[in-house]
Amino acid sequence: MKIKKYSFWTLVLAAVLASCNEKTETTVEEKNEAQVVIDSLKNVYAPDGRVALFDFEAKKETDGFNIEGETNLPEAAKDLENTLNQKGIKYTANIQTLPDAEGLENQTMGVIKISVANLREEPRHAAQLVTQTTLGMPVKVYKKQGSWYYIQTPDGYLAWVDYGGIQNMTKEQFADWKSKDKLIYLNPYGKSLKSAKNNAEVVSDLVAGDILELTAEQGNFYEIAYPDGRTAFVPKTDAKPYKTWLADLDVDGEELVMTGEKLMGLPYLWGGTSPKGVDCSGFTKTVYFLNGMVIPRDASQQVHTGVLVDSTRNFENLVAGDLLFFGRPATDSTKERVIHVGMWIGDHKFIHSMGDVHISTMDTTATDFDEYNYNRYLRTKRILNEKDKGLQYLKDEDIFTE
């Protein structure tokens, strides 16, 4: 083996260079008092950035701090200024409280106008799909960037939708839309037609859960209107007057199972919450919505609703419609991570979206035993007929009609 020899001065030079590369910074950056206040209030008002916006940055300047940012929570903006003043922190502020009514020309409400609108993390088509929302869904509109709108859905989710998916409205226009009779489309997939004939030209596709204005009846068809003024017809066998559907709802676990099974084989789609594709929580959300409930968007949010049924794999306590949550349990150094959800259907089986919508079993003696999900099971929650701030019942909080 060859051993390289180095001169004394070479070794000295190497040591000097090494010492120059080490971090020798001994001073600690002056504490940004304003940012500490901002971060503290963010933990109070917007701990979950998916459903609340509180985005501020404080920069140190010679005579204090310059604070810039935006929020959709007026009370949070007011609290920020009050707290800074109480602490005697000098600052100049450019605080934007949404909605940006001027930039939106007072159209701070909106209604989804296509069968399924894709909502993205950023205002561009290449951005991550974070959720979807269906035709007729009312949304709050906060700001505009190019041809994109920053909106909030009834479950609280914040995301961007492009102009092709939304009909913008003033509060007065929205109130007028809400006062009209509605119809709910109930087939998993279908279409609206230009005339009351089965072979008529198609106006658009439709999916289960789409809400349209009901304007008249013509033979075996309902006449409908879209939020953007288009008119069409749908077969009566595919839909119901919304208030009739709502009044007839008598939801139990079996109804939830029947709804879930109609979506069997539907492909998994990250961010999907419609019969065009669903992720795991999008599947449970869709099933419950088609039975008159609006539940939180993500599995990590759904797990915080309802009442605990089981956390020890005692599946005998479960009933149809219960939600099973999966993931990584908390440890001494890491937090719990809830990353999957499915719905119990009975007989030690649950239905979920993983690759596609299918049924799995927790029966350890079955040939098709789902060992993978069994091993990462966390707990089961019951949300049907439970009262919780994260659960909305359309019979109690009708978001589509007055």
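Just so you know, all these numbers are worked out from the coordinates, no wet-lab data involved. In this text the structure is predicted, and so the values were computed from the model without any measurement. Quick reminder, even Gly has a Cβ in these numbers, built from the backbone with ideal geometry, and neighbours come from all protein chains shown.
Once amide H atoms are placed 1.01 Å from N in the peptide plane, what residues at a sequence separation of 5 or more from residue 322, or on another chain, have their amide H within under 5 Å of its amide H?
344
Please tell me the relative contact order of the chain in percent, rounded to the nearest whole number, where contacts are Cα pairs under 8 Å and at least six residues apart.
Taking the mean separation of contacting Cα pairs over the length of the chain, I get 11 percent.
On C-alpha positions alone, give me the angle between the axis of helix 8-21 and the longest principal axis of the chain, in degrees, nearest 10.
40 degrees
Which shape class applies to the stretch 180-246: rounded if a/c is under 1.5, otherwise prolate when a/b exceeds b/c and oblate if not, where a ≥ b ≥ c are the square roots of the Cα gyration tensor eigenvalues?
It is rounded, given that a/c, with a ≥ b ≥ c, falls under 1.5.
Once you charge only the Cβ atoms, +1 for Lys and Arg and -1 for Asp and Glu, what is the size of the charge dipole of the stretch 84-239 about its Cα centre, to the nearest 20 debye?
360 debye
What is the magnitude of the charge dipole of the chain about its Cα centre, with +1 placed on the Cβ of each Lys and Arg, -1 on the Cβ of each Asp and Glu, and no other charges, expressed in debye to the nearest 20?
Approximately 1060 debye in magnitude.
Which entry in (i) 34.7; (ii) 32.4; (iii) 21.9 matches mean projected area of the Cα convex hull in nm² derived from the coordinates of this structure?
Read-out from the structure maps to (ii).
I need to check one value: relative contact order of the stretch 109-171, counting alpha carbon pairs closer than 8 Å and at least 6 residues apart, in percent.
40 percent
Amide H of residue 378 versus every other amide H placed in the peptide plane: which residues, excluding those fewer than 5 positions away on the same chain, fall under 5 Å?
325, 326, 327
Any idea what angle helix 74-86 forms with the longest principal axis of the chain, computed on alpha-carbon atoms, 0 to 90 degrees, nearest 10?
Once rounded, the angle reads 20 degrees.
Taking the chain as the reference, fit the longest principal axis to its C-alpha atoms, fit the long axis of helix 33-45 to the helix C-alpha atoms, and give the angle between the two in degrees, 0 to 90, nearest 10.
30 degrees
According to a simple spin-label model (label point 7 Å from Cα along Cα-to-Cβ), what is the distance in nm between residue 317 and residue 85?
Using points 7 Å along Cα→Cβ, the separation is 5.1 nm.
Can you tell me the order of 130-136, 309-315 when each peptide is scored by its average per-residue count of other Cβ atoms within 10 angstrom, highest first?
Sorting 130-136, 309-315 by mean packing, highest first, produces 130-136, 309-315.
Per the Kirkwood treatment, what hydrodynamic radius in Å, one decimal, follows for the stretch 38-185 from the mean inverse distance over all distinct Cα pairs?
16.7 Å
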